[in-house]
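Participant: Quick one: the structure is below, and I'll ask about it shortly.
The values are calculated or read from the model by the stated rules, or taken from the named source; none is laboratory data. Because the structure is predicted, anything quoted here is derived from the model rather than measured. Note that we place each Cβ from the backbone using ideal geometry, even for glycine, and neighbour counts take in every protein chain shown.
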Amino acid sequence: MHKAIPLYSATINFHVVLLIELFQPSPPVVKRCQIIFSDLQNIFKLFYTVHCCCCYQSGGYGETMINNLLNMFFPETCPVCMRPALDHATAPICAECWNSICRYTGPACQKCGKPLVSEASTTCGGCLQDEPAFVYARSFGLYDHALRKAINLLKYHNVRRLSRPLSDILLRMNIPPADVVIPVPLHEKRLKQREFNQSALFGKYVAQRLDLTLTLNCLVKLRNTAQQVGLSSQDRNKNIRKAFRVNHAELIKGKDILLIDDVITTGATVRECSYVLKKAGAGNIYVIALAHGVMD
Ligand SMILES: [Zn+2]
Ligand SMILES: [Zn+2]
């Protein structure tokens, strides 16, 4: 579906502005031009985007150069502030919005990292009631604004180049000592639909940078569970129970695990993953994620 781009919003619109100056066309013609330039931009980008066949990360100096050039002539509109995004690495999110992504520094549960409303308690009710199998879980920021947009663009709109700058955000966190990196897996049906697992992209990059072992097929998701959002706490736990299994337990026996997720919404997923990993003989389990959803 075509989406009209506001006149000021991209320098593609430089071409449109030029047209207006030269020919003074009527508003419907201007709109049509915007759509054509927007389509041209997408076609060029699609044509020139090359992905690695195993990890689906876009890469390569040539491709970056082409994309930088394309971005110069056909910059995308930043979905956060609606201004042109000229920085290819984080496009379509502009550099200004990207730099606004900040660390959450408010009160949080010392165990699961869930943001708390006051500093009066250090552990949330959920962790007091049922202690998780992980040592602790931490997220960089809140699932909000530019960070939320970036994660959603990667997950639901296939903007895979964002996996790199998002992984860099993960690396800005205090990474606990671990032997093995395990991303939270997707069910194979979901994986087929999406074509990639965003947490696996982060895991691969983080493992490379920290010189850790990445283990992809050890923790598997058996059931394609319903979305956790909107479910009660009890239903969330029920929904995710027995959804994961450990294959090749020898790969994690006694090893400290860095479990990576994109967003911790309810915490039920990382709790269940940690539970099965621990049961299979894992050592200490630490969870890191990009963002924590503010639930109740
Ligand atoms: Zn912006
Ligand atoms: Zn907690």
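Participant: For the range 99-133, give me each residue that is within 16 Å of ligand 1 (Cβ to nearest atom) and among the polar types (S, T, N, Q).
Facilitator: Those that are within 16 Å of ligand 1 (Cβ to nearest atom) and among the polar types (S, T, N, Q): N99, S100.
Participant: Further question on the same structure: Against the condition of a type in the set (A, V, I, L, M), within 14 Å of ligand 2 (Cβ to nearest atom) and modelled with pLDDT under 95, how does V80 come out, does it pass?
Facilitator: Values: of a type in the set (A, V, I, L, M): yes; within 14 Å of ligand 2 (Cβ to nearest atom): no; modelled with pLDDT under 95: yes.
Taking the combined requirement at face value, the residue does not satisfy it.
Participant: Find the helices (runs of 4 or more DSSP H) located wholly in the range 168-258 whose residues include 1 or more that are surrounded by 16 or more Cβ atoms within 10 Å (Cβ to Cβ) and within 18 Å of the chain's Cα centre (by Cα), and list them. Give the steps one after another, and end with the answer.
Facilitator: On the way: elements: 188-194, 198-210, 233-240.
Once the helices (runs of 4 or more DSSP H) in the range 168-258 are filtered for at least 1 residues that are surrounded by 16 or more Cβ atoms within 10 Å (Cβ to Cβ) and within 18 Å of the chain's Cα centre (by Cα), what remains is 198-210.
Participant: Now, a different point. Against the definition (assigned to a helix (DSSP H, G or I) and within 16 Å of ligand 1 (Cβ to nearest atom)), how does L147 come out, yes or no?
Facilitator: yes
Participant: Right, another one. Going by the conditions given, is C97 within 8 Å of ligand 2 (Cβ to nearest atom) and surrounded by 14 or more Cβ atoms within 10 Å (Cβ to Cβ)?
Facilitator: no
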